[in-house]
Amino acid sequence: MGTKIWRTATATGMTAAALLSVAVTAPPAAARTCAIQPYGLIGDYWRALGGADSWFGCATVEEYTPANMTGRKQRFEHGQIAWSPKQGERMIVAAFQKNKQAVFRWGPTDPFHYEYFQVTGDLSNGGTVLGTPMPGGTSGRYAVNVGKGLKITFWVHGCDEVFPVRKVCRQGWTLPVSVTMT
């Protein structure tokens, strides 16, 4: 907070400051800084969620293009963020730990809009998490309880039903993102 100084106004302007109270407090803690600074859409997303003080923490590697894939990806202390442009020009997918849950977020899929999303997750112990169809639109969120020490890798694709009823997921699966539970 710092020092509180009260001033009184006169018809001709401000008078001398009158010190009414003094509150001595420590300056606010400096924001945590990271050796690797995310940039572009991944960096924008990371900063919007709180940067180094977010659920992700600091980046552990520079942003990179995964082998045989379109898009960019970056690993963080507590998850991953990827830009997956085949599913939307600004499509971001992200996995992180929040409390005891693995959280997966995605969006926006613009210019695409879907009737529903299908999420899948592969566990490091060989298990699979198949999310029920999620509400459609252009973004979404999925959370699941995962045991300590397990890694889960998520993907999502947006789908529509066409006549006769069959699933059509034209843009395919996003880049995968993972989080290891601590």
TODO: Look through Val156, Val93 and report the one residue that is more than 15 Å from Leu41 (Cβ to Cβ) and out of contact with any Cys (no Cβ under 8 Å at 6 or more places or on another chain).
DONE: Val156
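Name every residue in the stretch 116-169 that is of a type in the set (Gly, Ala, Ser) and touching a helix residue (DSSP H, G or I) at 6+ places or on another chain (Cβ under 8 Å), in order of residue number.
Gly158
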- [ ] Among residues belonging to the stretch 93-116 that are surrounded by fewer than 24 Cβ atoms within 10 Å (Cβ to Cβ) and among the hydrophobic types (A, V, I, L, M, F, W, C), point out the one that is nearest to the chain's Cα centre (by Cα).
- [x] Phe96
Task: Pairs where the first residue, in the stretch 140-160, is farther than 20 Å from Thr180 by Cβ and the second is open to solvent by 40 Å² or more (accessible area, probe 1.4 Å), C-beta under 6 Å, 6+ apart - done: His157/Trp173; Cys159/Lys167; Asp160/Glu115
TODO: Take the stretch 153-172 and flag every residue that is surrounded by 15 or more Cβ atoms within 10 Å (Cβ to Cβ) and in a loop (DSSP other than H, G, I, E, B).
DONE: Cys169, Gln171
- [ ] Identify, by number, the condition in (1) under 18 Å from Phe56 (Cα atoms); (2) more than 14 Å from the chain's Cα centre (by Cα); (3) among the hydrophobic types (A, V, I, L, M, F, W, C) that Met134 doesn't meet.
- [x] (1)
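The values are calculated or read from the model by the stated rules, or taken from the named source; none is laboratory data. Given the structure is predicted, the values throughout are model-derived calculations rather than measurements. Note that we place each Cβ from the backbone using ideal geometry, even for glycine, and neighbour counts take in every protein chain shown. For accessibility, only protein heavy atoms count, side chains too; no ligands or nucleic acids. Shrake-Rupley method; radii C 1.70, N 1.55, O 1.52, S 1.80 Å.
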